[in-house]
Amino acid sequence: MTTATTHTERTVSVRDGAFEIEVREGGEGPPLLYLHNMMAEYGWFPFMERLAENYRVIAPIFPGFRESSGLQYIDDPTDTVVYHNDLLDALGIDSVTLMGHELGGMFAAELAALSPHRVEKLVLIDAYGLWLEEVPCPDYFATPRRTLPTLMWHDHMSEVAQEYNPPTRDPEISIQRTRAQTSGSRFLWQFPDRGLDKRIHRISAPTLIVWGESDGQIPIEYGQAFNALIPGSQLVTIPEAGNLPQIEQVDAFMDAVSGFLA
């Protein structure tokens with residue numbers, strides 16, 4: 001699902017070529033860094049275009065996803081923080097509004113906790129990073145692919161859901177999906193918990209937590225846990241949305257985010 005709008009795509013060299021990172025970028029204004037999910041948000045989506053009305057939206061592809069390289073230099077959460085610092089240096093940006101979804105939400109929270117000077121405001125969207133024994137997340141890697149949409153969406157048969165991740169036999173897309181799963185497993189398998197709860201109190205940026213009320217992949221209790229652990233944070237739940245409220249209910253998502261960012 002993309003819109004016919006103006007944005008650019010380029011490759012950014014990071015850390016003297018250790019990483020070659022695909023970056024999508026659009027809009028003008030203060031920088032907003034968007035960190036994508038496991039399902040490979042590679043398009044330029046309507047919510048990005050609306051954010052780009054007021055921000056310079058920068059959406060990098062994490063190493064190991066699509067053609068971005070350098071995953072061999074990243075083994076743990078600290079490495080992701082160092083990498084994102086290096087990426088911001090390569091982009092010539094001191095600090096950003098930071099927005100992360102799912103796996104990208106985990107990375108965003110780690111960066112905000114360990115490099116607070118880089119993050120002016122933080123938006124976490126249905127983020128991984130915590131583990132609740134009483135409400136375990138479904139095992140992403142053991143869940144059959146045909147079942148995942150029922151967990152991800154409020155209505156997995158809707159036009160929006162079908163357009164976002166259509167069934168395909170394209171071998172290139174299958175390779176990209178397999179590569180994404182392999183790369184993401186470094187941080188999510190067996191449990192999507194790499195000790196963030198021991199660092200999360202370090203987050204000092206104003207924080208908005210956005211959660212789809214129908215998220216079966218990362219249940220709403222995780223949004224409540226993030227809200228309880230991040231000092232001064234706000235939690236907004238989006239009705240009739242699953243794990244992708246920014247896609248499934250873009251108007252409600254933008255209402256919540258725009259008010260916070262303003």
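Compute the relative contact order of the stretch 4-261 as a whole-number percentage, counting only Cα pairs closer than 8 Å that sit 6 or more residues apart in sequence.
Values: 518 pairs, mean separation 49.7, N = 258.
It rounds to 19 percent for the stretch 4-261.
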- Task: Would you mind getting the accessible area per residue of the chain, heavy atoms of the protein chains only, 1.4 Å probe, in Å²?
- Result: 42 Å²
- Relative packing of peptides 47-53, 131-137, 253-259 - highest average C-beta neighbours within 10 Å first: 47-53, 253-259, 131-137
- Task: Calculate for the chain the 222 nm mean residue ellipticity that helices alone would give, adding -39,500 (n - 2.57) per DSSP H run of length 4 or more and normalising by residue count, nearest 500 deg cm²/dmol.
- Result: -10000 deg cm²/dmol
- Message: For a quick check: with amide H placed at 1.01 Å from N, whose amide H comes under 5 Å from E213's, ignoring anything fewer than 5 positions away on the same chain?
- Response: I238, E240, A241
- Would you mind telling me the share, in percent, of accessible area of the chain contributed by carbon and sulfur at probe 1.4 angstrom? 49 percent
- Message: For K121, what residues show an amide H to amide H distance below 5 Å, using hydrogens built from the backbone and excluding near sequence neighbours?
- Response: T97, L98
- Query: How many nm separate the modelled label positions at D197 and V82, each set 7 Å beyond the Cα in the direction of the Cβ?
  - Reply: 2.7 nm
- Query: In bins 10 Å wide, starting from 0, what share of all Cα pairs of the stretch 4-261 does each bin hold, as a percent?
  - Reply: 7, 33, 40, 18, 1
- Query: So what are the ³J(HN,Hα) numbers for the stretch 115-121, from phi and the Karplus equation (6.51, -1.76, 1.60; θ = phi - 60°), rounded to whole Hz, Gly and Pro as x?
  - Reply: 9, x, 5, 7, 10, 7, 9
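The values are calculated or read from the model by the stated rules, or taken from the named source; none is laboratory data. Quick caveat: nothing in here was measured; it's all calculated off a predicted structure. Cβ: placed from backbone, ideal geometry, glycine included. Neighbour counts: every protein chain shown. The protein model used for the area step is the full one, side chains on, heavy atoms only, and it has no ligands, DNA or RNA in it. Shrake-Rupley method; radii C 1.70, N 1.55, O 1.52, S 1.80 Å.
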